[in-house]
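Reading through the structure tokens given below for one structure.
The values are calculated or read from the model by the stated rules, or taken from the named source; none is laboratory data. Predicted model only: the values in this text are computed from it and were never measured. Cβ placement follows ideal geometry from the backbone for every residue including glycine, while neighbour counts extend to all protein chains displayed. All accessible areas refer to the heavy atoms of the entire protein, side chains included, with ligands and DNA or RNA removed. Shrake-Rupley method; radii C 1.70, N 1.55, O 1.52, S 1.80 Å.
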Amino acid sequence: MIRVLIVDDHGLVRAGLHMILEAQPDIEVVGTAADGAEAVKAVGVKEVDVVLLDIRMAGVGGLEAARELAAASSRREVRVLIVTTFDLDEYIDEALAIGVDGFVVKASPPEELVAAVRAVAAGGAFLSPSVARRVMRAFTRRRVRLAREPAELASLTGRERDVLRCLVRGLSNREIAGELHIGETTVRTHVGHVLAKLHLRDRIHVVARAHEMGLVDAD
């Protein structure tokens, strides 16, 4: 079971999210909280796999709570999924900088929320399509070439570069396997090597770094 903590300062929203998630056979809502401070305390005493955080809340906001959760190195790792109405660029940038695992807008259909919870609980990442487009545009506008990036790219093998291009296009492991005619296990191995060599934690940051390095235009 995926154990979820719902954090939002509106009772109706909490109830709605609770109803959607509890209807899933593999998800259990283990608690709710009305602000970030309550969320951090709850994670300290409950077994939680995924925390759903709103951004703007009375009291401690979601981004501050996400930062506290990320800094609590002594605590068992908890995945953080932002669920908010406010998909502003500055919020998206800050959330990704903190290291949240997903970002879903409240206008999304219920099945997208469920998919996001499952994705981040499994160790992946998730962005609503509208957020993903904003991230890609933002990094295109801010393309910065760091001195160490060419060395990072040079460390990739030819096949790892092929996998990187597929990741930038948003392909799943199965789709990459089909396109490159290799097994999914091999794809997972290559993805792991790409993340390690580029010093990145997940696919979201792979896309962001690829745009910074100009790989989208170059390829």
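Within region 40-56, if we keep just the residues that are within 24 Å of Glu112 (Cβ to Cβ) and touching a Gly at 6+ places or on another chain (Cβ under 8 Å), the residue that is most open to solvent (accessible area, probe 1.4 Å) turns out to be Arg56. Those helices (runs of 4 or more DSSP H) of region 57-129 in which 3 or more residues are crowded, with 16+ Cβ neighbours inside 10 Å and in contact (Cβ under 8 Å) with a residue 60 or more places away in the chain occupy 110-121. Under the condition of being touching a strand residue (DSSP E or B) at 6+ places or on another chain (Cβ under 8 Å), under 18 Å from Lys106 (Cβ atoms) and surrounded by fewer than 20 Cβ atoms within 10 Å (Cβ to Cβ), the residues counted in region 1-21 number 2.
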